[in-house]
Structure formats: C-alpha cells, structure tokens
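What follows is a short report on a single structure.
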Amino acid sequence: MVEEIGYPVEDTVRVLQQERRQTLVHLADPRAANGLSALQHSRTATDEAVAEIRRNAADADVRDELGPAEEERLTAVLDALAGIGSLRSGVEDGTVSRAQALSLYNRLVDPCHDLLANLEVIDNVGLDKQYRALVNISRARELVSREDALLGSALVAGWLSRTEVRDVNDLVAQRTVMYDINLPLLPAAERGRYERFWKNASSAPSGAPSRRSSSPRRASPTASPRRPGTPRRAASSTNSAISTTRRPTATRTGSTRSPPTPSPRPSSPEPSA
C-alpha cells in the first residue's frame with residue numbers, strides 16, 4: 001500500500017504543486033519568454049506521476065489490499081485527476097483566472113491528502129500517530145506551496161488584491177496551526193529539523209514576502225493588471241524568485257521558499273531552504 005499507493009500519491013502532490021505555481025505565473029504574464037515551455041515541462045512531470053498512480057490502482061493485488069473506504073478515496077483521487085485536462089485547456093484559452101486556477105489545482109491536491117491520511121499502513125499505535133503527523137505536516141507544506149504560488153504570480157503581475165492579501169494571511173495562520181499541533185508528535189530529532197529550518201537565516205526570506213503583503217497600507221483596493229505593452233521581466237523556473245516591474249500603488253511581493261517535507265519513507269531527506 002505504501003509502495004504502490006502512498007509514495008506515488010505523495011509524488012503526484014509535489015508535481016501538482018509545481019505545475020500550479022507555474023500555471024499561475026503563466027497566467028500572470030502569458031507572453032513571458034520561456035513561460036509556456038516551463039509550464040509544459042511541469043505538465044509532463046505531472047502526467048508521468050498520474051500515470052503511475054493509474055497503473056498501480058489497476059493492479060488487482062493493490063485493490064485487494066484496500067478497504068472499502070480506502071478504495072473510495074482512491075477513486076476520488078483518480079476522478080479529480082481526470083479533470084486536469086479541462087483545467088489546462090481553460091488556462092490555454094485564457095478563460096481561467098489566477099484565482100480560479102489556484103482553487104481548481106487545490107481541489108486536485110486535497111483528495112490526495114485525504115487518501116494519505118486514511119491509509120491503514122502501520123500496526124503500531126505510536127508509529128501510526130507519527131505517520132499521521134507526517135501527513136499533516138505535508139498538508140502544512142501544501143499551504144506554503146499555495147502561498148508561494150499566490151505571491152510568485154502576484155510578483156509577475158505586479159499587484160496583489162485585498163482578497164489575495166487576506167488569502168495569504170489565512171494560509172500563514174493555517175500553516176502555523178498545523179505545525180504547532182503536529183510537530184510535537186514527531187521524535188525530537190525530526191522535530192528539531194523543522195525548528196532549525198524555520199529559525200535559521202536561510203529560511204528568513206521565506207517569511208519576508210508574507211509579512212510585507214499582510215500590511216493593509218500596502219494593499220491597493222483598486223489594483224488591476226498592468227496594461228499591454230508595459231515592460232516586464234519574468235523567470236521561468238518554478239523554484240526561483242521572479243522579478244518584475246511593479247505598479248507603485250500595489251502591494252509589493254517577493255518569492256517564498258517551501259520548508260522540507262518529511263515522507264512516510266523510512267528515511268527523510270535533509271531539509272533544504
């Protein structure tokens with residue numbers, strides 16, 4: 001179950017996060033150099049991850065290991081992922097806004113976490129508690145990823161609406177609660193890695209954009225996208241900061257970096273900024 005369902009679903013969440021960010025950046029500036037090719041690259045990675053889930057889900061041995069509730073949640077994941085084609089078409093046609101794309105991608109990720117949180121994979125009460133804490137910490141990373149997609153695309157667009165400011169504040173608050181509740185359930189060594197990450201100098205830039213965007217006096221209630229022809233610079237990397245010409249009356253934003261995500265795998269990678 002962990003090998004054939006858990007890991008592939010976790011990997012799919014990560015590539016969906018990358019595609020979501022690149023999609024919002026593309027929508028903020030469809031004419032950016034290399035933006036479309038970077039988006040296509042992220043889509044290819046997503047398609048490969050989704051294909052692995054579908055192959056494994058079709059395996060009779062895997063299905064036999066799933067209980068009725070787990071099989072229903074797996075079906076919900078597959079049904080949600082089946083809608084990614086229409087979402088992409090809306091992005092290409094320009095009929096989907098940044099806010100709509102963010103919401104639609106979130107709906108693809110949420111069933112994945114619901115499935116992971118409800119897999120019965122460990123016959124040990126203590127380890128089972130740690131496993132579920134890891135899943136919830138993965139949810140916290142998802143909140144950071146949503147914040148990053150919002151702020152990264154807003155930086156390209158050069159403006160941040162009051163609704164987006166409120167959304168960023170909500171994401172920061174939810175993420176803080178998730179860490180406060182679940183980090184104490186991990187062993188001290190694992191918990192310490194997160195505490196060191198968020199307190200050290202390398203993670204400081206991750207919180208700066210959130211603090212700047214949360215200031216009401218910087219938010220522009222009437223901010224609107226720039227007019228065609230205004231110069232702009234944008235990076236195509238899904239993991240790098242994106243610089244752009246900013247409207248002087250809009251909220252100034254910056255890039256964020258996600259914290260490390262532990263995996264239900266036996267050993268988790270060293271944290272990186």
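Looking at E48, E4, which is the one that is without any contact (Cβ under 8 Å) to a residue 40 or more places away in the chain, open to solvent by 40 Å² or more (accessible area, probe 1.4 Å) and either among the hydroxyl-bearing types (S, T, Y) or assigned to a helix (DSSP H, G or I) (or both)? Walk me through how you get there before you give the answer.
Values: E4 fails: without any contact (Cβ under 8 Å) to a residue 40 or more places away in the chain.
From the options E48, E4, the qualifying one is E48.
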Hey, does segment 135-145 have a residue that's modelled with pLDDT under 95, closer than 19 Å to H26 by Cα and buried (at least 18 other Cβ atoms within 10 Å of the Cβ)?
no
Condition set in a loop (DSSP other than H, G, I, E, B) and exposed (fewer than 13 other Cβ atoms within 10 Å of the Cβ), scope segment 172-219, selection modelled with the lowest pLDDT: answer is S215
For Q18, the lone unmet condition from (1) open to solvent by less than 20 Å² (accessible area, probe 1.4 Å); (2) at pLDDT 95 or above; (3) touching a Ser or Thr at 6+ places or on another chain (Cβ under 8 Å) is (1)
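Quick check on L150: is it of a type in the set (A, V, I, L, M, F, W, C) and part of a helix (DSSP H, G or I)? Reasoning before the result, please.
Numbers: of a type in the set (A, V, I, L, M, F, W, C): yes; part of a helix (DSSP H, G or I): yes.
It is true that L150 is of a type in the set (A, V, I, L, M, F, W, C) and part of a helix (DSSP H, G or I).
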Note on segment 146-165: residues open to solvent by 30 Å² or more (accessible area, probe 1.4 Å) and at pLDDT 95 or above are R146
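The values are calculated or read from the model by the stated rules, or taken from the named source; none is laboratory data. If you're wondering where the values come from, they're calculated on a predicted model, not measured in any experiment. Please note: Cβ atoms are built from the backbone with ideal geometry, for glycine as well, and neighbour counts cover all protein chains shown. Protein only, heavy atoms only, side chains kept; ligands, DNA and RNA dropped before computing areas. Shrake-Rupley method; radii C 1.70, N 1.55, O 1.52, S 1.80 Å.
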